[in-house]
1. If you average over every viewing direction, what projected area does the convex hull of the Cα atoms of segment 56-130 give, in nm²?
2. Dipole of segment 18-128, Cα-centred, from +1 at each Lys and Arg C-beta and -1 at each Asp and Glu C-beta, to the nearest 20 debye?
3. Sequence-distant or interchain residues sharing an amide H contact under 5 Å with TRP117, placed H: which?
4. Does the chain come out rounded, prolate or oblate by the C-alpha gyration tensor, with a ≥ b ≥ c the root eigenvalues, rounded set by a/c under 1.5 and, if not, prolate when a/b is larger than b/c and oblate if not?
5. Would you grab the residues whose amide H sits under 5 Å from the one on TYR26? Only those 5+ places off in sequence or on another chain, please, with H modelled 1.01 Å from N.
6. Divide by every residue of the chain the summed helix terms, -39500 (n - 2.57) for each DSSP H run of at least 4, and state the resulting mean residue ellipticity at 222 nm, rounded to the nearest 500 deg cm²/dmol.
Amino acid sequence: MHDKKQLIQSKLITFQILCMNEQYWYKAELNGKVGIVPSTSVEMRDYDWFFGPINREKAEEILLERKADGTYSQPDGAFLVRHDESSEGKFSVLVKLGESVQQFKVLSDNTGRYSIWGKKFNSLNQVLEHHRTTSASTTRAVLLKDMF
């Protein structure tokens, strides 16, 4: 099963956990700044779209899975987020489009703001919400939808 507990929320502040090796402290990133957070002051939140450290091949397999009747299990626009294999602490969004999957690297700047194309947001969650109504692609309409 995939690990969905890599993004956490504490008192209305959502940040990314970079390391959970310590029993009482987590290494976390917020707005481009890295620090230590007491584990007792955070609430873990699960996201069905977050698959953590899976490779691209496995992500594509999940999105292109077929039902017994041969149709795709997931609709066009179904997406998942995984750790980027080539850049530690970075993410990729993979989206099902027809018979293929398109991958988008999530970009982040030195202030901790995230984007796929152009417009920057304070969190990965905000990026994903934006691309539910605004195309993630510059060449065709790609709106994100939850997987079934």
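Computed from the coordinates by the stated procedures, all read-outs in this text should not be read as laboratory data. These numbers were taken from a predicted model, which means no experiment stands behind them. Note that each Cβ is placed from the backbone with ideal geometry, even for glycine, and that neighbours are counted across all protein chains shown.
1. 5.4 nm²
2. For this selection, approximately 400 debye.
3. For TRP117, whose amide H was placed from the backbone, there are no distant partners under 5 Å.
4. Prolate, because a/c is 1.5 or more and a/b exceeds b/c.
5. So TYR26 has HN proximity to VAL37, SER39.
6. Working: 2 runs with 15 residues, N = 148.
Only helices count here, giving -2500 deg cm²/dmol.
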